[in-house]
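Notes to accompany the following structure.
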Amino acid sequence: MERREYTFTEKKDTRSGFGDGLYEVGVNNEKIIALCADLTGSLKMGKFKEDFPDRFFQVGIAEANMMGIAAGMTIGGKIPFTGTFANFSTGRVYDQIRQSIAYSGKNVKICASHAGLTLGEDGATHQILEDIGMMKMLPGMTVINPCDYTQTKQATIAISDHMGPVYLRFGRPKWPVFTDENEKFIIGKAKTFIEGKDISIFATGHMLWQALEAEKLLYKKGIYAEVINIHTIKPLDEDAILESIKKTGCAISCEEHNIIGGLGESISRVISENNPLPFKIVGVNDSFGESGKPIDLLSKYGLDPKNIMDSALQVLKRK
């Protein structure tokens, strides 16, 4: 079986992918506007603000107001992109998103940085690990969690053409860049990075790189893992999941999120309803995070390549 091994030449933060993507769509479409809750630098929205000052709105530390303003602006045909930390983009403003955006299907793009454990030193109060679950449960909400700088930029461009509310999740740390900049991002379509026959590994966000590293460890043991990027958590590419597990007979999922309510639970529903087989979720085990360096936190909470490999081995024993 042919196998591709992924490497990288640079590391860039996914939030910069958002900032660059936002600027590009802003150049090409005057309907694009941006709103930020006092975190322009952190969200990499500075270039958009500088070149399109009439389309940039600094609302201050008033995230609930930002969501209401964004919803209202869609009525006039504008396409608003809101920007703040993932914790403030969801937990602080869930009522406004539900009532003003999701319920009426407003064309708002909720862009959320600094998600998950890899926020690092800011600690548990800012490391939201529940946001995917909160957002995917809202009817009509599209939920996207890209894996690197390039894919985040492409996703930002793609959602500008998508009609309806979107939650776009990305992160703070510099992370390996390994996806193809010429490949078009298709909302709702999973991407197979490595084909395998023994076990399926479904990964989202930063965890895709961790899964690719785990695949190398498994390969050294003679195990051929199939690694699939689930960048769109909702709508979920159920066909890709079912096609892969039909071939491999068992699977794990990997996410920088609570194991309750995230990608893994969505996949487990698809598996249980269509083709029950051994499956395990790799994620944070129903706890808050803590302050620390991103890589150290991923290791402590079981989101490193070795733990992914160990989880895969456990599932293979049940096959």
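Taken over segment 191-317, the percentage of Cα pairs per 10 Å bin, counting from 0 up to the bin with the maximum distance, is 14, 50, 31, 5, 0.
Each peptide among 35-48, 135-148 gets the average number of other Cβ atoms lying within 10 Å of its residues, and from highest to lowest they stand as 135-148, 35-48. Can you tell me the orientation of helix 305-317 relative to the chain, as the angle in degrees between its alpha-carbon axis and the longest Cα principal axis, to the nearest 10? Around 50 degrees separate the two axes. Coupling constants for segment 184-198 follow from the phi torsions by the Karplus curve (6.51 cos²θ - 1.76 cosθ + 1.60, θ = phi - 60°), and in residue order they are 5, 7, 10, 4, x, 10, 5, 10, 7, 8, 9, 8, x, 10, 9 Hz; glycine and proline get x. Near T74: Cβ cut-off under 13 Å, other residues only, Lys/Arg at +1 and Asp/Glu at -1. The net charge is +4. An ellipsoid equivalent to segment 61-210, defined through the eigenvalues of its Cα gyration tensor, has semi-axes of 26, 19, 14 Å when rounded to whole angstrom and sorted largest first. Dividing the summed helix terms, -39500 (n - 2.57) for each DSSP H run of n ≥ 4, by the number of residues in the chain produces a 222 nm estimate of -10500 deg cm²/dmol to the nearest 500.
Taking Cβ atoms as reference points and 10 Å as the exclusive limit, the residues near T150 contribute a net charge of -3, counting Lys and Arg as +1 and Asp and Glu as -1.
Any number yet on Rg/Rh for the chain, C-alpha, Kirkwood?
Radius of gyration over Kirkwood radius for the chain works out to 0.97.
Of K49/K189; K220/K246; K184/K317; K49/K293, which sit over 29 Å apart, Cα to Cα? Cα-Cα > 29 Å for K49/K189; K184/K317; K49/K293; rest within.
With respect to the chain, whose longest principal axis is taken over its alpha-carbon atoms, helix 207-220 is tilted by about 10°. Once the Cα atoms are used to define both axes, helix 238-248 deviates from the longest principal axis of the chain by about 20 degrees.
Candidates P53, M66, Y301 compared by Cα position along the dipole of the chain: farthest toward the positive end lies Y301, with charges placed on Cβ. Pairs to check: K136/K191; K216/K247; K174/K221. Give those whose C-alpha atoms are more than 22 Å from each other in this structure. Over 22 Å Cα-Cα: K174/K221.
Just so you know, all these numbers are worked out from the coordinates, no wet-lab data involved. Everything quoted here is computed from the prediction, not taken from an experiment. No Cβ is skipped: glycine too gets one built from the backbone with ideal geometry, and neighbour counts run over all protein chains shown.
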